[in-house]
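To keep things clear, I will list the structure first and then write my remarks on it.
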Amino acid sequence: MKLKYSLICQSVLGAVIFAAGVAQAQDQAAPSAPAAPAQGQGGGGRGQGAGAAAAAGGGAAARPAAPYQESPTAYPNVGPNGCVGCPATAAAARGAGAAGGGGGGGRGAAAAAAGAVQGAAGAPVAAQAAPRVVGPQGNNQNPLPYDLLLQGAHVIDARNNVDKVTDVGIKDGKIAAVGDNLNAKDAIKAMDLKGYVVTPGFIDLHMHVYASPGERGSYAGDDSIWPDGFTFRAGVTTIVDAGSSGWRNFEDFKEHIIDRSQTRVLAMLNIVGAGMRGGRYEDNLADMNGEATGWMAQRYPGVIVGVKSAHFTGPEWQPYIEAVKAGNMANIPVMIDYGSNRIERPMAELVSKYLRPGDIYTHTYSGLRQEQDTQTLKASAGLLGGRAHGVYFDAGTGGGSFRFRVAVPLIKNGFKPDSLSTDLHITSMNSSTKDMLNVMSKFMAAGLTLQEVVADATWHPAQEIKQTQLGNFSVGSVADVAVLSEHKGKFGYEDMDNMKMMGDTRLVCELTIRNGRVIWDLNGISMDPWNQLQPSSPPNMASHWTAYRPRTPLPEQLTPTQK
Ligand SMILES: [Zn+2]
């Protein structure tokens, strides 16, 4: 396993360096779209700008309607040149909108409204995305080596083989130092974290967070959750939306969720252009277009980090062939939720023949698709073949994708996950999955060590999505950090069959740091006692290390000169 990771790490080094730069840029501004040649927009109403044109032209936009039409091709996004059934390119569409071109009047109010949001202002989408700042801006330079110093915690960093009590220094949103006996005087704020576990912020490879469209019964809608309420409190700083949007609606997802969340939200594009909107969309082979999907992924490197196929019930291999085609175009992995168990397309063939080394099979421990040998209860030959081929196996426990009677014997016989993830959505958030830390604690009950579950939530997923600038404490890495407490006692963990397993450990997230600033603090361990006279760090320097906003002082707290 170690060898496999390091080999892959080396083989993608070039891509990683490139992706690191892009991902860094992502935090500052949206990546700009590559220039696209102008193309006729006669039909109108299908591109973003054309939507704006329809809005400007009156009529369609004035009529409030459901955000999306009930049609697999209703989404306003534009497609690549030469793509069969795809509309014009984004630049062409915006141009058409600004010029008032496109006489078709749009394909409905929804398309027009969405177009208006992104195109009507006349400004390129990239220019609209202002740099996002967590907490107030610091006015004062910090002359010290560190803004924030985490002292004396058990630090686990799988990337750098750190697994010991030591210190972590943070400056300007980056990891500045990891080492013993760093000096508290060298930081604006030093925190004694003896007894706690400190790890890189978690990466949840599988969530559904396209909550904005307002569509009922859809993961591109009401079945998704808003990310920030479910991430920081579980130590998660990066998530991957696993296919809630496809190439047709990705830019709407980006505009409404990715660009507005404090969590770093990355995405796998659904191979279905319309995204994860329910069976009749997700089984629609006509809307599975590898070229269009790959084209959109190429427009947002470092943001679109994979391609997803999910929930397919048919006997065809086409969804997987198209997904891999898109993955090859954009040099990104595909993640497969293998849908219905069909004898026409055995899982063993998928993971050994159709998927590439580095692709990801999720829902590994459901037992629904030939993952477990029914005689020995160990990993099936198919699963072992996939691992030998270099495919990664992800947990994705979700609402109906994890059984102890599958996971426990598989893990006991050596088939451990490559990554842990939640598949969090409106159902799994309240049922057996709950959140990332519950999944990690559950896998500890099922036989993994603390070090293994941390690696499976940090460095391993970072490698799977080729974002190796994340999930580690290398000096210079973004300072996304989770501070955990390990509660000992009797804790129950559940699976999809409403069966439970008792464990002796529950991980709790005490503190989360995003971009070098405290953004979640369960028990106020970063804060001073309320009746302490002197603050432990100068209040005017607080914006260097915390996202919490300072409040107006009471009159008696002001000095005479301030009054
Ligand atoms: Zn899912």
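The values are calculated or read from the model by the stated rules, or taken from the named source; none is laboratory data. Since we're looking at a predicted model, the values are computed, not measured. Positions of Cβ are backbone-derived with ideal geometry, glycine not excepted, and every protein chain shown enters the neighbour counts.
Tell me yes or no: at least one residue of region 377-391 is out of contact with any Pro (no Cβ under 9 Å at 6 or more places or on another chain) and within 16 Å of the ligand (Cβ to nearest atom).
Scanning region 377-391, I find no residue that is out of contact with any Pro (no Cβ under 9 Å at 6 or more places or on another chain) and within 16 Å of the ligand (Cβ to nearest atom), so the answer is no.
Consider ASN289 against the criteria (1) closer than 21 Å to HIS206 by Cα; (2) of a type in the set (S, T, N, Q); (3) surrounded by 20 or more Cβ atoms within 10 Å (Cβ to Cβ): it satisfies all of them except one. Which criterion is unmet?
Condition not satisfied by ASN289: (1).
Does ILE332 qualify as being of a type in the set (Val, Ile, Thr) and under 22 Å from the mean Cα position of the chain (by Cα)?
So ILE332 fits the description; yes.
Which members of region 216-225 meet the condition of being within 16 Å of the ligand (Cβ to nearest atom) and surrounded by fewer than 24 Cβ atoms within 10 Å (Cβ to Cβ)?
If the condition is that a residue be within 16 Å of the ligand (Cβ to nearest atom) and surrounded by fewer than 24 Cβ atoms within 10 Å (Cβ to Cβ), then GLY217, SER218, GLY221, ASP222, ASP223, ILE225 are the ones that fit.
Counting only residues that are of a type in the set (Asp, Glu) and over 21 Å from ILE258 (Cα atoms), how many does region 172-219 have?
Of the residues in region 172-219, 4 are of a type in the set (Asp, Glu) and over 21 Å from ILE258 (Cα atoms).
With the condition kept exactly as written, say whether any residue in region 487-496 is within 19 Å of TRP520 (Cα to Cα) and in the same structural domain as ARG405 (by TED's automatic domain parsing).
Yes, there is a match, as at least one residue in region 487-496 is within 19 Å of TRP520 (Cα to Cα) and in the same structural domain as ARG405 (by TED's automatic domain parsing).
Are any residues in region 232-246 among the charged types (D, E, K, R) and either without any contact (Cβ under 8 Å) to a residue 40 or more places away in the chain or within 16 Å of the ligand (Cβ to nearest atom) (or both), and if so, which ones?
Within region 232-246, just ASP241 meets the criteria.
Which is in the same structural domain as VAL240 (by TED's automatic domain parsing), within 16 Å of the ligand (Cβ to nearest atom) and of a type outside the set (A, V, I, L, M, F, W, C), of THR374, THR362?
The conditions single out THR362.
Looking at (1) within 30 Å of SER309 (Cα to Cα); (2) touching a Leu at 6+ places or on another chain (Cβ under 7 Å), which one does PHE202 not meet, given that it meets all the others?
Condition not satisfied by PHE202: (2).
Is there any pair linking a residue in region 173-187 that is surrounded by fewer than 15 Cβ atoms within 10 Å (Cβ to Cβ) to one that is of a type in the set (Asp, Glu), with Cβ under 8 Å and at least six apart or on different chains, and which?
Every condition considered, the pairs that remain are GLY179/ASP167; ASP180/ASP167; ASN181/ASP167.
Could you say whether any residue in region 411-430 is in a helix (DSSP H, G or I) and within 15 Å of the ligand (Cβ to nearest atom)?
For region 411-430, residues in a helix (DSSP H, G or I) and within 15 Å of the ligand (Cβ to nearest atom): absent.
Residues that are hydroxyl-bearing (Ser, Thr, Tyr), at least 1 per element: which strands (runs of 3 or more DSSP E) completely within region 178-249 meet that?
The strands (runs of 3 or more DSSP E) meeting that bar are 197-200, 236-246.
Among the residues of region 303-318, is there at least one that is surrounded by 23 or more Cβ atoms within 10 Å (Cβ to Cβ), of a type in the set (Asp, Glu) and under 25 Å from THR364 (Cα atoms)?
No, region 303-318 contains no residue that is surrounded by 23 or more Cβ atoms within 10 Å (Cβ to Cβ), of a type in the set (Asp, Glu) and under 25 Å from THR364 (Cα atoms).
Do you know which of the residues in region 431-444 that are touching a Phe, Trp or Tyr at 6+ places or on another chain (Cβ under 9 Å) and within 16 Å of the ligand (Cβ to nearest atom) is nearest to ALA211 (Cα to Cα)?
ASP435
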